[in-house]
Amino acid sequence: MAILSTPRSAVQLASRGRPLKEHLFRIALLASLAIALVFLTLLIVYVVEEGWPRLDSTLWENQPSIRRPETAGIQSGIFGTLWIIGLTALMALPTGILAAIYLEEYADKTKWYNRLLELNISNLAAVPSIVYGILGLGIIARWMAFGFTIMTGAITISLLVLPIVIISAREAIRAVPPSIREGSLALGATQWQTIYRQVLPASIPGIATGSILALSRAIGEAAPFLMLGAATLVRFNPEGVWSSFSVLPLQIYSFISRPQEEFAVLAAAAIVVLLAILLLMNSVAIWLRNRYQKRW
Amino acid sequence: MSAQHLKTASGASRSLARSRPRYGEFAVKAVLLLAAMVSIATTVGIVAALLEPTIEFFGEVSFGEFFGSTTWGPLFNPPAFGVWPVIVATVEITLIAIVVAVPLGLAAAIYLSEYATPRIRKIFKPVLEVLAGVPTVVFGFFALTFVTPVLQDVFPFLELEAKNALSAGLLVGVMIIPIVASLSEDSMAAVPNGLREGSYALGASKMLTSVRVVVPAAFSGIVAAIILAISRAAGETMIVAIAGGFKSVFTLYPGDEMATMAAFIAQAGSGDASVGSTAYKTIFAVGSLLFIMTFAMNYVSARMVQKYREVYD
């Protein structure tokens, strides 16, 4: 794309000497992308084919069962995941967006504590999710005595996705050109009025896209819940934030670890449901980005 | 940035500035700062959760045994606490993953940044994004029920066990391709066009320009991407727990079942160790080790990104 500014004839002139090598290189590059595409297709076709026999209404109408894998379902997992994602959205999104506004609009980058904040956030974004599980287990479940409840799970996952929300919201806010802020300030608006009435509305599509992608990461996460005793064979739907629970990815994990063939089929069917939810969220995010992205 | 603008504005024309302080503006800033401080609290929480049980653990198991022995089995009777088998397994699976992800991810990044037309980018960017969004349990399932059986059929002489480091490592590699690709592409896109044009002007072909000019110019960003991918691979839990297994025998052969650090934490943390026992505290000791390793790598990666940003901005 960057080449577009160079005259086409110049590029052709330059590459006349070794056309074969150039071609092979280009094909090798394209092949590596094709491998990713083929892999993804293969993965999706495989799980749909494996899970096909169980892709019916019993899957979401029934509860999991060890004794009857052929009719066992994933209803408690679906409800558990919905609870966790709902609470995570309530906690992580406002906190993350506010933090991003602070870092982009208020923070003086020459101050050591602001640099520490930034370094800390980029470090946290790459801490393994199982370590967040240890945080949930040691601090939230035991020290704060929240126990192995939906609340514990939701707080843990909120902390896990918070750095992702902050980083993507910062990018969206940074994309708003300074001239918009300067115009607003010049008309006498205060800094917060400028942010609230000009910067935020202009960056909402970008923030929404990043938030959806962050939540879709939260939906697929299983490792932290292993540490939070999200008992995998919960046979009832959660009734409130202090209820014990299971989530869809963890139910899939428990199906996979059982020896019977029926559980592998059940796992594949549950994976199809999970992937369908994620693909839907990803498409919404991509659509939002293409539809509302402004070029300043 | 805009804070500085404000400062100069109010400094230059003090008479026009509002005489009464705006408490509302100050309160808003305080709330925003508080939200940003949650991330500091998270780091403090992680360190606090790890520190106390880890200290207790080293009161019960000597440092020498932990780092000086190669027999691992905190959940066995009698227990053994030589941590090397899980470290070796983690390094081995990470290496396999890197061998898969670095060439594929880099090639994808070069193609997307230097060769692809906007149309092709529009097709392949979402593919990488969807790949990045696939839950790791799904990769684990695919490794265990598809990749391993296929490898067993095609390469019977490898004598792969039903759970093995090879399939787990391959799939961890696929998982980190999008990280390598998207971060490397970002740093290649930041290389100024003047460098490319200069290269063409000297008669270099497109391939030479990509390999000898753009990649070296974006090198620190690419290294940062690879380090970040290594740290992701080392901490990956679900793929290795499902497809790599939990057996903690000291082995180097990638066809064998082996437990990584994260897999051990998952196994012991999901109820196999009773609360308060030495085995339970081992979770936190291994967790500390994993946290320190990934933290060090993330720090190096973040510093390299900062350094590269200073060059071309």
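General remarks:
- Checking every residue in region B:287-295 against the condition of being surrounded by 24 or more Cβ atoms within 10 Å (Cβ to Cβ), modelled with pLDDT of 85 or more and not in a helix (DSSP H, G or I) gives zero matches.
- Residue in region B:111-128 that is modelled with pLDDT of 90 or more, in a helix (DSSP H, G or I), farther than 23 Å from A:Tyr253 by Cβ and aromatic (Phe, Trp, Tyr) present: yes
- Tally, over region A:95-121, of residues that are aromatic (Phe, Trp, Tyr) and either in contact with a helix residue (DSSP H, G or I) (Cβ under 7 Å, 6 or more places away or on another chain) or more than 19 Å from B:Ala302 (Cβ to Cβ) (or both): 2
- Residue in region A:238-257 that is over 17 Å from A:Gly80 (Cα atoms) and either assigned to a loop (DSSP other than H, G, I, E, B) or more than 9 Å from every other protein chain (Cβ to nearest Cβ) (or both) present: yes
- When A:Glu50, A:Glu70 are checked against the criterion of being under 22 Å from B:Phe141 (Cβ atoms), in contact (Cβ under 8 Å) with a residue 60 or more places away in the chain and not assigned by TED's automatic domain parsing to the domain that holds A:Glu262, a single residue qualifies: A:Glu50.
- Selected residue [buried (at least 21 other Cβ atoms within 10 Å of the Cβ) and on the phi < 0 side of the Ramachandran plot] from A:Ile277, A:Ile219: A:Ile219
- Of all residues in region B:223-259, those satisfying the criterion of being of a type in the set (S, T, N, Q) and more than 10 Å from chain A (Cβ to nearest Cβ) are B:Ser248, B:Thr251.
- Residues located in region A:116-158, provided they are within 19 Å of the chain's Cα centre (by Cα), buried (at least 20 other Cβ atoms within 10 Å of the Cβ), among the hydrophobic types (A, V, I, L, M, F, W, C) and within 15 Å of B:Ile292 (Cα to Cα): A:Leu124, A:Ala126, A:Val127, A:Ile130, A:Val131
- The listed residues are B:Val31, B:Val47, and the only one of them that is assigned to a helix (DSSP H, G or I), within 19 Å of B:Ala266 (Cα to Cα) and at the interface with chain A (Cβ under 10 Å from one of its Cβ atoms) turns out to be B:Val47.
- Test result for B:Trp72, touching a strand residue (DSSP E or B) at 6+ places or on another chain (Cβ under 8 Å) and surrounded by fewer than 16 Cβ atoms within 10 Å (Cβ to Cβ): no
The values are calculated or read from the model by the stated rules, or taken from the named source; none is laboratory data. Computed from a prediction, not measured in an experiment: that's the story for all the values here. All Cβ positions, glycine included, derive from the backbone under ideal geometry; neighbour counts span all protein chains shown.
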